[in-house]
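The values are calculated or read from the model by the stated rules, or taken from the named source; none is laboratory data. Everything numeric in this text was worked out from a predicted model, so none of it was measured. Cβ placement follows ideal geometry from the backbone for every residue including glycine, while neighbour counts extend to all protein chains displayed. These area figures cover heavy atoms from the full protein model, side chains too; ligands, DNA and RNA do not enter into them. Shrake-Rupley method; radii C 1.70, N 1.55, O 1.52, S 1.80 Å.
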Amino acid sequence: FDGPIHVFHSAKVEYYPPSDSCGMGGMHREVIHANPNYGGSCCFDTVFVSVGDEAEAMNGLLVARVWLLFSYFDPYHSKDVPCALVTWFIHPSDNPERDKDTGMWK
């Protein structure tokens, strides 16, 4: 690869929140920041990433810190490819036990 890489300090996203997949609120819009100089300090947002089946830990969601938002042009498919460099926060257990009343992990 020898093409240009375009870096972005924020990205607008639309999503269904995990607690309200199609309910009253519907789609939500937010801005994800990955900015090393955001008003004099850095701002690297933490996000949920859908990775699989809702029967898995945390309903198929993983948590990640976004460090870099960038894109590059893929000449083989003739399109821009959006990317993110993240650090994954891994759940301490592959089979977490949740409290039946609150849904929180023990």
Exercise. Looking only at residues in the stretch 61-106 that are at pLDDT below 90 and acidic (D, E), which one is least open to solvent (accessible area, probe 1.4 Å)?
Worked result: D99
Exercise. Can you name every residue in the stretch 1-31 that is surrounded by 11 or more Cβ atoms within 10 Å (Cβ to Cβ), assigned to a loop (DSSP other than H, G, I, E, B) and modelled with pLDDT of 80 or more?
Worked result: H9
Problem set entry | Boolean, A34 is assigned to a strand (DSSP E or B), closer than 17 Å to A11 by Cα and either at pLDDT below 80 or under 11 Å from the mean Cα position of the chain (by Cα) (or both) | no
For this session: Just one of (1) at negative phi; (2) at pLDDT below 90 trips up M58, so point out which.
Result: (1)
Exercise. Are there any pairs, at least 6 apart or on different chains, whose C-beta atoms fall under 9 Å, with the first in the stretch 26-43 and small (G, A, S) and the second modelled with pLDDT under 95 and open to solvent by 90 Å² or more (accessible area, probe 1.4 Å), and if so, which?
Worked result: G26/Y16
